[in-house]
Amino acid sequence: MTPAEALARIHRYDGRLKAFVRVFDPPLTGEDAAGPVFAIKDLFDVQGAPTGGGGRVPLAEAPARHALAVERLLLAGWSAVGKTQTVELAYGGWGTNRAVGAPWNPWDARVHRAPGGSSSGSAVAVAAGFCDAALGSDTGGSVRIPAAVCGVVGLKPGSGLVSLEGVHPLSPALDTVGVLARSVATAARALADISGPDGRAATRGPFDAEAALSREVGGLSLAALHPNHLDDLHPEVERLYLAALQRLHDVGVEIKIRRPPAALEESFAANGRLMAGEGWRIWRGRIEQHRAVMDPWIVRRFEAGRDISDDQLAHVHVQREGDQRAFDAWLGDHAALLSPTCPIPAPPIEAVDETISPLSRLTRAANYLDVPGISVPCGLTEAGLPVGLQILGRRGDESTVVALGAVFEEVSGWNGRAPDLSGFEA
């Protein structure tokens, strides 16, 4: 897609979809712009443009430089067409935002459904064909959740592969930069372009996308969670998940049904304590100053971290290291773990219960255990809502995750489906 084509679609459809908080027209380019088009979650700094962070008061009025991931895509020839909506301070999986509004999931023009979060606008922008890929951040599923419920690919690396420089934090222990795209190949190539050491916390890479995309996966052994071990799984999610397992089996992948280990089952709550505890310590001053104009549910989540002591937070870090070792041992000879990405399809915004977080129930483990993960579309419910298959790999093995995602994509029957946007025309 050309930048001009992207901008034309944005101007035609985004008045109602509201994926973007700021459109770059003309687009933001590097010196050798001839490549694909991307969008930027409004948690990443862009030189001279406000970083809103999903709030009414900007996190940065006019950053002095681009986030490193943005800079690297521009240097690789990508063109940026705008900044996309996010849950306020990236703390939420539904994609709701009571401070500045939530994007509209493009798979239902009649009912405003949850777009997933926190990289809500990035997922909507990719699904609507506004860009080839979009940057997102993922602390407990914030790339993979919106990817799953919006019918796109969401790729989250492990820590140390992509720089977090210029990305405003939620939980430094868990934060990662990821990519949303219409295909596994595009996501992998974008990851390759943003990966590599930064002289700070990023010490791995660069990622070799072409090697990963060309890998054979026949004969690999994968673990898969049985639906009976996944509480409150929507029946159509279960049906599509089991069909996805069969498709992988049919291409020569060995699949063994396993009961989830304790480290996996404990990850949801432990991940939540890290997010709340670290997030409160980072954003306490902002919350106390701007509480009146913030999303009240976001404030409530952060304030839960007020009751987590430094000793308790330190204990979670120690527990995490043990759980990572336990998960590695449990995975054994399996190359990856399969599950649905989300246990339910996108609900209407009006039906969202902000006191619970079901969309992140199966995604938080990847951040807590520091493993790479990808969500790939695996079909539509009878109501026409997307469902995603999640593939979690071993620590540091993004290559196998991408290879499996690419092979599944080929046999999934998805074939690049896109939502009908005729109901969203301005």
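Given a 1.4 angstrom probe, I'd like the percentage of the accessible area of the chain that is carbon and sulfur, rounded to a whole number.
So the carbon and sulfur contribution to the accessible surface is 49 percent.
Quote to one decimal, in nm, the extra length available between D250 and A201 on full extension: 0.36 nm per residue of separation minus the C-alpha distance between them.
13.6 nm
Rg to Rh ratio, the stretch 76-147, alpha-carbon atoms and Kirkwood radius?
Ratio value, two decimals: 0.96.
Show me the ranking of peptides 67-80, 268-281 by mean Cβ neighbours inside 10 Å, starting with the highest.
67-80, 268-281
For the chain, what is the mean residue ellipticity at 222 nm derived from helices alone (per DSSP H run of n ≥ 4: -39500 (n - 2.57); sum divided by total residues; nearest 500 deg cm²/dmol)?
-10500 deg cm²/dmol
Could the peptides 137-148, 332-343 be put in order, highest first, of the mean number of other beta-carbon atoms found within 10 Å of their residues?
Ranking the peptides 137-148, 332-343 by packing returns 137-148, 332-343.
What distance in nm lies between label points placed 7 Å from Cα along the C-beta direction at D32 and R395?
Each label point lies 7 Å from its Cα, and together they span 3.6 nm.
What FRET efficiency comes out for L242 versus R12 if R0 is 45 angstrom and r is the Cβ-Cβ distance? Round to the nearest 0.05.
Taking R0 as 45 Å, the efficiency between L242 and R12 is 0.70.
Rank-order 189-201, 282-294 by packing density, defined as the average count of other C-beta atoms within 10 Å over each peptide's residues, highest first.
Packing proxy ranking, top to bottom: 189-201, 282-294.
What translational diffusion coefficient, in µm²/s and rounded to a whole number, does the Stokes-Einstein relation yield for the stretch 1-113 at 10 °C and a viscosity of 1.306 mPa s, taking the hydrodynamic radius as the Kirkwood radius over Cα pairs?
Reported coefficient: 108 µm²/s.
Over the stretch 300-426, what per residue volume does the convex hull of the Cα atoms give, in whole Å³?
Expressed per residue, the convex hull around the Cα atoms of the stretch 300-426 is 166 Å³.
What is the distance, in nm, between label points placed 7 Å from the Cα along the Cα-to-Cβ direction at E61 and at S422?
4.8
Per residue, what accessible area does the chain have, given a 1.4 Å probe and all protein chains present, in Å²?
37
The values are calculated or read from the model by the stated rules, or taken from the named source; none is laboratory data. Computed from a prediction, not measured in an experiment: that's the story for all the values here. Backbone-built Cβ (ideal geometry, glycine too); neighbour counts: all protein chains shown. The protein model used for the area step is the full one, side chains on, heavy atoms only, and it has no ligands, DNA or RNA in it. Shrake-Rupley method; radii C 1.70, N 1.55, O 1.52, S 1.80 Å.
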